[in-house]
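Only the coordinates and a few stated rules stand behind these numbers; no lab work does. This one's a predicted model, so the numbers in the text were calculated from it and none came from an experiment. Glycine also receives a Cβ, built like all others from the backbone with ideal geometry; neighbour counts cover every protein chain displayed.
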2 protein chains.
Amino acid sequence: MLENGWFREENESWNGQSLSLQVDKVLYVGKTMFQDVLVFRSTNYGNVLVLDGVIQATERDEFAYQEMICHLPLMSHPNPKRVLVVGGGDGGCLREVVKHAGVETIEMVEIDQTVVDLAKRFLPNMACAFDNPRVTLHIADGFEFLANNQSKYDVIISDTSDPEGPAEKLFEESYFQLLSDALAPGGIVAMQASENVWLKLDILKSLQERCKNVFPTVNYATVCVPTYTSGQLGMMICAKDPQTNLQAPAAKKHIPEDVRYYNEGIHRASFVLPTFAKKYINN
Amino acid sequence: MLENGWFREENESWNGQSLSLQVDKVLYVGKTMFQDVLVFRSTNYGNVLVLDGVIQATERDEFAYQEMICHLPLMSHPNPKRVLVVGGGDGGCLREVVKHAGVETIEMVEIDQTVVDLAKRFLPNMACAFDNPRVTLHIADGFEFLANNQSKYDVIISDTSDPEGPAEKLFEESYFQLLSDALAPGGIVAMQASENVWLKLDILKSLQERCKNVFPTVNYATVCVPTYTSGQLGMMICAKDPQTNLQAPAAKKHIPEDVRYYNEGIHRASFVLPTFAKKYINN
């Protein structure tokens, strides 16, 4: 909510704690068919995109999450050529995926055209790859798109908002089955996990179990982002092949030159959990 | 500040962003010779200690930082027997140090008796080791204590508040020289670095350079703590011997059984920096 020159992110999913960012200027307030949208220029974090009251991206720190959810699967796959992004209307994932020269086609299925339009207008450093000739944008429901899909992908990135809202179905096991069905042999999925280890470990454990019902290899990774709840966000990285090592780059992979967060050490470190979380999730 | 049932942590050191915790009951408000003190029971983070308006510890997440600033140096040292804690009046570091059975003497020098008293009253799970027979508490200025010190320590933990306040001198090079002089051969210092990579990288770089003027080995480590600014805190770990490997446990070390955050993987991962920070700090 906006009050006294600040945006404050209160939410039932993280009762009793809230982050506030100081507002320099409100740039857009509206309601799409799917969600409430707020865009403001902050005093210290650049432009900020808020959906249904939850911070999705700030210009200052967005690269951390965008890089990790893309480069973890793309670097663990020896040679990804066909990539699908589900969600990701701000364009940040597309910007990262096109950095991989070996990727030949990138499809994106985003439910809300307004998010794409607003990102082009207010987050131009994120929404900079929509015109890349390898990119095809579908404005559609991600679940339905996959239910009707005949293509196979090497990497699928599920860059959704949290489950409370239009992305609810994208945290269900039936969706994970659709993702698995759409993967080529050796394929890898990376999905926003919504929870982090400091909030609801039981929900995180349950999400991991639903993933394990579908994928033989499931690993949870963390990325530090100051403007996400508790300062971090989790991602489930899942492989169709039980032999795939998700926790390191594949052999002879070349790291894109213009990364700001990702490196080989961070790739490995992102899968390391503190003891209390490791014990709880894996028991 | 307290308003509308919430504590809000606004501070000039992190302009434009602030964390709020919901207050169940204010337990103590006062002013010592050295600082403003607030203790409240929060709705979701247990009891919370605030000094000069800055969150020092919450019962829910304090163990992450307390464990890391203690076990990183204690596990990297092959056989620490004499330990000094500078600051640390809440008792959290003492609780962690006494877990190492090989440690024979633990001295602590804390400037503010009131913090110790309040911790015993409101943070009993932190202030649980003051009565341990290996522990000696000195209520004194840490800088002056070290200037007059004749003892040698294997590990020194500088668990201070931020430099804006009574701990200002404890971020200066002259203090680092006193720390070095007080270390036995092979000794290790761990100090709260105040900054994290998402705030003022220039101050972090400058701190590291001051440390490098004194110590041959200086490594920066990060711990994730939801209620610290940006969700993380940094620590400078410094060794007197250039051969000391700070980034892993020493050979044949036994990890204390009752840790909740620390493990060998986290030890190594805590020193891994994202690319933008690594480039800036090390160039």
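Restricted to Cα atoms, segment B:2-57 shows a radius of gyration and a Dmax of 11.0, 31 angstrom.
Hey, what D do you get for segment A:156-203 in µm²/s if you plug the Kirkwood alpha-carbon radius into Stokes-Einstein at 10 °C and 1.306 mPa s?
Values: Rh = 11.8 Å.
So the translational diffusion coefficient is about 134 µm²/s.
What are the semi-axes of the equivalent ellipsoid for chain B, taken as the square roots of 5 times the Cα gyration tensor eigenvalues, largest first, in whole Å?
Ellipsoid half-lengths, sorted descending, are 27, 22, 18 Å.
Determine, for each peptide in B:259-265, A:257-263, the mean count of other beta carbons within 10 angstrom over its residues, then list the peptides with the highest first.
Details: B:259-265: 19.0, A:257-263: 17.0.
Ranking, from highest mean packing down: B:259-265, A:257-263.
Summary of packing: across the peptides A:223-236, A:50-63, B:121-134, B:34-47, the per-residue average of other C-beta atoms within 10 Å ranks them, highest first, as A:223-236, A:50-63, B:34-47, B:121-134.
For segment B:103-249, compute Rh as the Kirkwood radius over C-alpha pairs and then the Stokes-Einstein diffusion coefficient at 25 °C and 0.890 mPa s; write the answer in µm²/s, rounded to an integer. Please list the in-between numbers first.
Working: Rh = 16.3 Å.
Roughly 150 µm²/s, to the nearest whole number.
Distances between copies of B:Arg41, taken at a point 7 Å out from Cα along the Cα→Cβ vector and listed shortest first: 4.6 nm. What relative contact order, as a whole-number percentage, does segment A:25-146 give when Cα pairs under 8 Å and 6 or more residues apart are counted? It comes to 19 percent, rounded to a whole number.
Taking every residue in A:267-273 and counting other chain Cβ atoms within 10 Å of its Cβ, the average works out to 5. Remark: label point of B:Ile203 defined 7 Å out from Cα along the Cα-Cβ vector; separations to the same position in other copies 3.3 nm, ascending.
Relative contact order for chain B: what percent, with Cα pairs under 8 Å and sequence separation of 6 or more?
Numbers: 580 pairs, mean separation 47.8, N = 283.
Averaging sequence separation for qualifying contacts and normalising by length gives 17 percent for chain B.
Among chain A residues, the one whose Cβ is nearest the axis of the rotation from A to B, given with its distance rounded to whole Å, is A:Gly231, 1.
The length gained by stretching the chain between B:His138 and B:Lys212 to full extension, at 0.36 nm per residue less their Cα-Cα distance, is 23.8 nm.
Please get the size of the charge dipole for segment A:2-57, origin at its Cα centre, with Cβ charges of +1 on Lys and Arg and -1 on Asp and Glu, quoted in debye to the nearest 20.
On the way: 4 positive and 7 negative charges, 49 e Å.
Magnitude of the dipole: close to 240 debye.
The lysines within cross-link reach of B:Lys212, meaning a Cα-to-Cα straight distance under 23 Å and a gap of 8 or more places when in the same chain, are B:Lys152, B:Lys169, B:Lys200, B:Lys240, B:Lys278, B:Lys279. Cross-link partners of B:Lys25 among lysines, defined as those whose alpha carbon lies under 21 angstrom from its own and excluding same-chain residues fewer than eight positions apart: B:Lys120.
Work out the mean other chain Cβ neighbour count within 10 Å for the residues of B:230-236 and drop it here as an integer. Walk me through the intermediate numbers first.
On the way: counts 7, 12, 4, 0, 0, 0, 0.
Average neighbour count from other chains, rounded to a whole number: 3.
Working note: Cα gyration tensor of the protein assembly as shown, eigenvalues times five, square-rooted, sorted largest first, giving semi-axes of 42, 26, 21 Å. Label-to-label distances for B:Lys120 across copies, nearest first, come out at 6.7 nm, using points 7 Å from Cα in the beta-carbon direction. Which distance in Å, rounded to a whole number, links the C-alpha centroids of segment B:154-204 and segment B:1-25? Cα centres, segment B:154-204 to segment B:1-25: 26 Å.
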